[in-house]
Ligand code: GLA
């Protein structure tokens, strides 16, 4: 019963389409053959079942986001998806990674969307593409680039000109890349999603028609669909959409196979025993399904979002996006995987058994890392650009850095001169967390809960420093326009407004990290296993003398808070508050001889 399923927090998709055709049974794994034959008609929703080439087609889908999986593992994860009995891959497209600065587009390496689509096609998987521009996905600002927030009037996800001009130029780039990969052109894309659960945002009734038109006018010809949660179902469609008609196909577009974790919260587990009966029931009802996620992967770098709905302050997401999904973060099979494979095998013809399970990747234990060198935060500042001087605090996004795109992620150090101690008040203008220093000595933390701090008295002029960390922008809910980071307003000392700041942008891009790892570090002698001091960058080498370099889990136990880089790649944040206690280290990111790691710990907590 649809209503029961809705209670189980599943997501539904509704479609619009113009034609009706009769249908015959189509075996699930036949599309490499259809690729070769002349294609006549792609996915349609004109009867109670989907049809592909005018034959009934049950979508057995799973989400794997290419940007959350090291490229070297794309094939491994997709083969495992195929071997589980799925026939369709769904993926979002993250605008913030593809256009890190306005007008600068990146589609290489990890972001080579076309290569991902070609790979899916070569393995015989169909694709449902979810190109945004907003994607939610527990991704910083729901995938929207932070430079949009430089405009103080910005109204994200509306037809406000500042937003649609930017969305148009992103779509100009991305849609022309995906158009040749559509079904009608011999590619794997059988459907394209219009935005993402707009029904739960619904601030501008012209917005969804605009996005739909933006796709159509750029050559998207496959079936369009929308996806909404139960509260948003009424408002999330676009004109022409068919909503909940009994004679239309039904699909659970996001069947949540698990859930994400927040720092400081509990680890979420959704057991196979709970999951399998529900999936079984969905399939019995002849409904199509997409497992969100089939394989979650990792929020590498500073890409994890934050959750704020119903909370007094945003709570940031952890680095892992394991999601308790059927295929684990490291690509391992789980109990859910095996049970689902068994279930899906019944939907395959006996003449075409499921492919053998691809082997799992071995992992290797390495020696504990020994710290060899360190550099203090203050000394590292010489490797950043010149600080920006400003009378008032300026939020990250509006700093004149990165070719005037502002600072998107990482840390910003605000320094000013003080001549007394007293009560330092943030007035809730710290986004999200500041380590406070007086003459480089740590005095405390300001965040959403602690908004006042005692600054000790001292003689003469001293430097007050606030090292503000952007812990991740909210990705869902009505507060997207308010996601500016750094200091977003005035700070008071003894009720006097602080002025005249020196602002250092520490966005921890690989160029910065690589710059200081190449030059003079202070040696730790003798080498040590423990972090002796706070607010330092540390480096240590891991000697890998094995033939094959293998991945592993980096255990951050005993470390308080920071980020880890391996060979210039940002593995993500760690935080002793948990629940995550290890960071995934993909084997292909380690080097044969030595791996160089840099950590930025906050020792003081
Ligand atoms: C919604 C969104 C997804 C994701 C899930 C929760 O369904 O559409 O992008 O955020 O919630 O994981």
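The figures follow:
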| item | result |
| --- | --- |
| Residue match in the range 327-335 (condition: modelled with pLDDT of 95 or more, part of a loop (DSSP other than H, G, I, E, B), in contact with a strand residue (DSSP E or B) (Cβ under 9 Å, 6 or more places away or on another chain) and within 16 Å of the ligand (Cβ to nearest atom)) | yes |
| Matching option when the condition is under 23 Å from residue 563 (Cα atoms), touching a strand residue (DSSP E or B) at 6+ places or on another chain (Cβ under 9 Å) and assigned to a loop (DSSP other than H, G, I, E, B), among 347, 323 | 323 |
| Residues that are closer than 26 Å to residue 398 by Cβ and either without any contact (Cβ under 8 Å) to a residue 12 or more places away in the chain or in a loop (DSSP other than H, G, I, E, B) (or both), drawn from the range 428-448 | 428, 429, 432, 447, 448 |
| Residues being surrounded by 19 or more Cβ atoms within 10 Å (Cβ to Cβ) and in a helix (DSSP H, G or I) - total across the range 75-96 | 7 |
| Among residues of the range 43-68, those that are assigned to a loop (DSSP other than H, G, I, E, B) and either closer than 15 Å to residue 87 by Cα or out of contact with any strand residue (DSSP E or B) (no Cβ under 8 Å at 6 or more places or on another chain) (or both), counted | 10 |
| Total residues in the range 112-149, condition in contact (Cβ under 8 Å) with a residue 40 or more places away in the chain, buried (at least 18 other Cβ atoms within 10 Å of the Cβ) and not in a loop (DSSP other than H, G, I, E, B) | 19 |
| Candidates 358, 326, filtered to the one that is surrounded by fewer than 20 Cβ atoms within 10 Å (Cβ to Cβ) and touching a helix residue (DSSP H, G or I) at 6+ places or on another chain (Cβ under 8 Å) | 358 |
| Filter result for the condition that a residue is within 16 Å of the ligand (Cβ to nearest atom), in contact with a helix residue (DSSP H, G or I) (Cβ under 9 Å, 6 or more places away or on another chain) and either over 21 Å from residue 91 (Cα atoms) or free of Cβ contacts under 8 Å to residues at least 24 places away in the same chain (or both), over 231, 204 | 231 |
| Selection status of residue 169, under 22 Å from the mean Cα position of the chain (by Cα) and within 16 Å of the ligand (Cβ to nearest atom) | no |
| Counted residues, the range 265-300 - those being under 14 Å from residue 320 (Cα atoms), surrounded by fewer than 22 Cβ atoms within 10 Å (Cβ to Cβ) and more than 12 Å from the ligand (Cβ to nearest atom) | 4 |
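So that you can scan it fast, the table gives a plain yes or no per residue for (1) touching a helix residue (DSSP H, G or I) at 6+ places or on another chain (Cβ under 7 Å); (2) within 28 Å of residue 315 (Cα to Cα); (3) modelled with pLDDT of 95 or more:
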site	(1), (2), (3)
474	yes, yes, yes
479	no, yes, yes
495	no, no, yes
506	no, yes, no
514	no, no, no
520	no, no, no
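Residue by residue, here is whether (1) within 16 Å of the ligand (Cβ to nearest atom); (2) under 21 Å from residue 75 (Cβ atoms); (3) at pLDDT below 95 holds:
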site: 114; (1), (2), (3): no, yes, no
site: 126; (1), (2), (3): no, yes, no
site: 129; (1), (2), (3): yes, yes, no
site: 134; (1), (2), (3): yes, no, no
site: 145; (1), (2), (3): no, no, no
site: 161; (1), (2), (3): no, no, no
site: 183; (1), (2), (3): no, no, no
site: 198; (1), (2), (3): yes, no, no
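Residues checked against (1) under 29 Å from residue 191 (Cα atoms); (2) touching a strand residue (DSSP E or B) at 6+ places or on another chain (Cβ under 6 Å); (3) in a loop (DSSP other than H, G, I, E, B):
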{"site": "266", "(1), (2), (3)": "no, no, yes"}
{"site": "273", "(1), (2), (3)": "no, no, no"}
{"site": "281", "(1), (2), (3)": "yes, no, no"}
{"site": "286", "(1), (2), (3)": "yes, no, yes"}
{"site": "290", "(1), (2), (3)": "yes, yes, no"}
{"site": "302", "(1), (2), (3)": "no, no, yes"}
{"site": "339", "(1), (2), (3)": "yes, no, no"}
{"site": "362", "(1), (2), (3)": "no, no, yes"}
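The values are calculated or read from the model by the stated rules, or taken from the named source; none is laboratory data. Since this is a predicted model, take the numbers as computed values, not measurements. Every residue, glycine as well, gets a Cβ built from its backbone with ideal geometry; the counts of neighbours run over all protein chains shown.
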